[in-house]
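Please treat every number below as a calculation from the coordinates, not as lab data. Everything quoted here is computed from the prediction, not taken from an experiment. Ideal geometry is used to build each Cβ from the backbone, glycine not excepted, and the neighbour counts take in all protein chains shown.
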Amino acid sequence: MQISITAQLTAQIAAVALGALVLCAPQAQADTKAHSHDHGAEPQSHAHAHNDDDIYRGLFDDSQIAPRTLADWQGDWQSVYPLLQDGTLDPVMAQKAEAGEKSAAEYRATYETGYQTEVDRIVIEGKTVTFTQGGSSYGGAYETDGYEILTYKAGNRGVRYIFEKVSGDALAPDVIQFSDHAIAPQSAGHYHLYWGDDRAALLDEVTNWPTYYPADKSGEQIAAEMMAH
């Protein structure tokens, strides 16, 4: 069943968060709950089928969206925030400045807010999600809670795939939301993860989007992938 929910987001950063998110944007089973959140102008209607590039940019039809499971995000993942801090992603910011309307320093400031996190590693095995922060780990078992469709002021859209904790450590968040620019089952190459204890409040978060890439990739490989998008 599809339920319509309307919420207003005015932050201009939404367009950057979805389009440039190198998650990146937001598994369910038969009981998937699909909701729609309006964060600005309604997107234009498209009579044609959207290709993968359109979907990555947030242009798709509701009929293309499908439930996903944690199988799509299995593996060992590293935060890209340290790579921004140590300068590894400077070429990415320089490329954005060449094509955009802000300086590399201004883009870096945006991504400083976007990538910021103290969770430097996430491991997903089956239904178990383990967070590592400052050498300490905690985690829990998560089950699907459907997905949410977000509409941004720029007209593009995103899908957040949502999971609720059913058991585990007290420190593990009650809710996690994935965004990876995909809207149907497929293995993620990277993702943005939102977490906390308030499902609705997380849907309003569009300025901080901790981003994770496979742990076995080097910083240079990650930067090259970002620049290829």
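Observations
- In plain terms, the chain from Tyr138 to Asp76 could stretch by 20.9 nm, reckoned as 0.36 nm per residue minus the Cα-Cα distance.
- Förster radius 30 Å - calculated FRET efficiency between Ala94 and Ala200, Cβ distance, rounded to 0.05: 0.20
- A Cβ-based charge dipole, computed about the Cα centre of the stretch 77-211 with Lys and Arg at +1 and Asp and Glu at -1, lands at about 300 debye.
- Listed values for the stretch 146-158 are Karplus-derived 3J(HN,Hα) couplings in whole Hz (6.51 cos²θ - 1.76 cosθ + 1.60, θ = phi - 60°), namely x, 8, 10, 9, 9, 10, 9, 4, 6, x, 7, 9, x, and x replaces Gly and Pro.
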